[in-house]
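Before any comments, here is the structure.
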Amino acid sequence: MAVQARSEGVGEGVSREVLKVHPGQLVSSRAGRDRGVFYLVTRVLNGRMVLVADGGTRTVAAPKRKNISHLILHQAAVPEELRNRLERGERVDDAEIRQAVTAMRASGKGEPG
């Protein structure tokens with residue numbers, strides 16, 4: 001299940017692009033104590049809220065509940081197998097989440113989309 005979110009335009013005259021949030025999406029926190037922390041969306045709860053985990057501080061067993069407007073969405077491609085498992089609601093290990101987040105950030109694909 002994908003949820004639409006708006007990315008913030010930079011400057012005047014820039015249109016707001018509609019993006020979709022889905023399980024396996026790389027996101028980072030926009031503000032607060034966890035500002036700049038990268039997470040993977042593990043589950044979409046409703047039109048405004050998702051569960052996110054980083055495999056370290058926020059584990060799959062105890063994910064953080066976040067409002068999608070408080071997240072920056074990134075275009076990084078999650079390994080297809082991991083994304084499919086998250087979408088089906090299958091069990092995913094914290095090590096897999098950590099490895100995916102680290103790999104996406106290292107590849108330079110963690111740019112906002």
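Structure values in brief
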| read-out | value |
| --- | --- |
| Cα convex hull of the stretch 25-113 - mean projected area over all directions, nm² | 5.2 nm² |
| Coil-residue GluC sites (Glu not before Pro) of the stretch 68-103, DSSP, other Cβ within 10 Å capped at 11 | Glu90 |
| Shape box of the stretch 63-103 [Cα atoms, principal axes, largest first, Å] | 27, 20, 17 |
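We did not get these values from a lab; they are worked out from the coordinates using the rules stated. A quick note: this is a predicted structure, and the numbers were derived from the prediction, not measured. All Cβ positions, even for glycine, are placed from backbone atoms using ideal geometry, and neighbour counts span all protein chains on display.
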